[in-house]
Amino acid sequence: MEPRTFEGGADRPRSAGAQATGRVIVVGPYLRSRRTGTGAAEQSTVLRNSEARLEEAVGLARAIDLVVVDAVMAPVSDVRPATYIGKGKADEIAASLVLHEAGIVVMDCALSPIQQRNLEKALNAKVLDRTGLILEIFGRRAKTKEGSLQVELAHLIYQRSRLVRSWTHLERQRGGFGFMGGPGETQIEADRRLIGDRIARIENEIKKAQATRRLHRAGRKRVPYRMVALVGYTNAGKSTLFNRLTRADVQAADMLFATLDPTLRALTLPHGGKAMLSDTVGFISDLPTMLVAAFRATLEEVTEADVILHVRDISHDDAEAQQHDVDAVLRQLGIGPESGDRIIEIWNKIDRFDDDARQQLANTAARRSPDQPCFLVSAETGEGIPQLLAAIEQKLAATRSTLDLSIDASDGAGVSWLHRNAEVLDKELTDGRYVMTVRVDETKRDIVIERYGGVIR
Ligand SMILES: Nc1nc2c(ncn2[C@@H]2O[C@H](COP(=O)(O)OP(=O)(O)OP(=O)(O)O)[C@@H](O)[C@H]2O)c(=O)[nH]1
Ligand SMILES: [Mg+2]
């Protein structure tokens, strides 16, 4: 494999001086709302709680083992084109950097390349913005070939979008050459072409990996397993629930983006039915669109799932805002409100509430419309899991029909067709015939009726 062109590039921490120690100051440069005339209560449903945002950004920094020595709120009224934040705030951060012997600043916003460069100069520190930080995390988490390819693709798209005059200029400065004056346009064009070529090559490799996975999936479809996919905000408890439901041992950790590569396991339902459950990458607010695009292939498990379990950390201060973020990403994946009946909402971590609060939650849940049910569970203690499993089974059965039939035991081809195309719930040999109960998709129902004389239960 070729060396990654972005190694040591604009988005990697430099390994010199204070930067090498990984001591970081996290800054929340959140826009002050300039809306007037709206009640505070109304605003709070729209705006994310700044404290929780800053806390999340600290979690993101910790996810790549940076040592957070300070977290600073920096409310911004007008974004400065040159530095995003104002000079007073920048000076304050610069002082804090010296005080804490930190060499890296995480800005929890999207910076233009020019803003990033100017800030690095003003603060005399390495500056990472939210997109850069998330890309960095994903880069470290990717374990499978496909995962790495997808992250590399996202990184390259990010890099290309930042390939402006100043970018190349900055690269040269970072390379340690005292560079005077800007680079020629030809250099930028050449870089752009280089990145374009690599993007094309990686897209090709991803397509190949995707084709292999499709084959596997087609194989699973022949054995007619239904697909159930977990989605949700990062740290909501998807992997914990995955382990609880499948008795697997996937890493679950109080860490943002603990899971990156998709995992599949068999899920056994209360009445013996089987499905495949997939655990996958968590979502986050302002998830860079290039990451969603790059992970589209992995997320195919989600788009093609028969049932989608949306896991929510209902104990989180920002549970509502997180829900909107997850809905937004699902829409980007083409899973809109019309797929509502495929989605089961799960309110996880209810063990964190006392009896009164839990009762209140249960009341809220009971008031929801019957076609938008939600289930209160604790993936940690197992509370509510049997009800959830029953609901999954019911949902999966909804689009399938159960039929009774009998077939001559010597009709090997027929028997094997049924095994390949239907879920065989029961099979008994009586007088040279198999008496069977099978469950099939709508698409196969008529065949079973016409060819095998199946009768719907
Ligand atoms: N109290 C409590 N904690 C839980 C519950 N479910 C998960 N957790 C904790 O929440 C943290 C995150 O859990 P994970 O299962 O890793 O979350 P995830 O959604 O897979 O997160 P990512 O893979 O990072 O997107 C862990 O520390 C879990 O122990 C629960 O029901 N109750
Ligand atoms: Mg996980």
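Each residue in segment 239-253 was checked for being closer than 28 Å to residue 441 by Cα and within 7 Å of ligand 1 (Cβ to nearest atom), and 1 of them qualify. With respect to residue 454, determine if the residue is surrounded by 16 or more Cβ atoms within 10 Å (Cβ to Cβ) and at positive phi. Answer is no for this residue. Between residues in segment 373-387 that are in the same structural domain as residue 340 (by TED's automatic domain parsing) and closer than 12 Å to residue 240 by Cα and residues that are in a strand (DSSP E or B) and within 16 Å of ligand 2 (Cβ to nearest atom), which pairs lie under 9 Å by C-beta distance while being six or more apart or on different chains? Within 9 Å, the pairs are 377/311; 377/346; 377/348; 378/348; 379/311; 379/346; 379/348; 380/348.
Pick from 182, 196: which is more than 24 Å from the chain's Cα centre (by Cα), at pLDDT below 65, surrounded by fewer than 15 Cβ atoms within 10 Å (Cβ to Cβ) and outside any strand (DSSP E or B)? Talk me through it step by step, then tell me what you get.
Details: 196 fails: at pLDDT below 65.
None of the others qualify; the one that does is 182.
Within segment 278-334, restricting attention to residues that are within 16 Å of ligand 2 (Cβ to nearest atom) and of a type in the set (Gly, Ala, Ser), which residue is farthest from residue 152 (Cα to Cα)? By that ranking, first place goes to 278.
Does residue 331 satisfy the condition of being within 30 Å of residue 148 (Cα to Cα) and loosely packed, with under 13 Cβ neighbours inside 10 Å? Here the answer is yes, as residue 331 does meet what is asked. Count of segment 399-457 residues, restricted to those that are assigned to a helix (DSSP H, G or I) and of a type in the set (S, T, N, Q), is 3.
The values are calculated or read from the model by the stated rules, or taken from the named source; none is laboratory data. This one's a predicted model, so the numbers in the text were calculated from it and none came from an experiment. Positions of Cβ are backbone-derived with ideal geometry, glycine not excepted, and every protein chain shown enters the neighbour counts.
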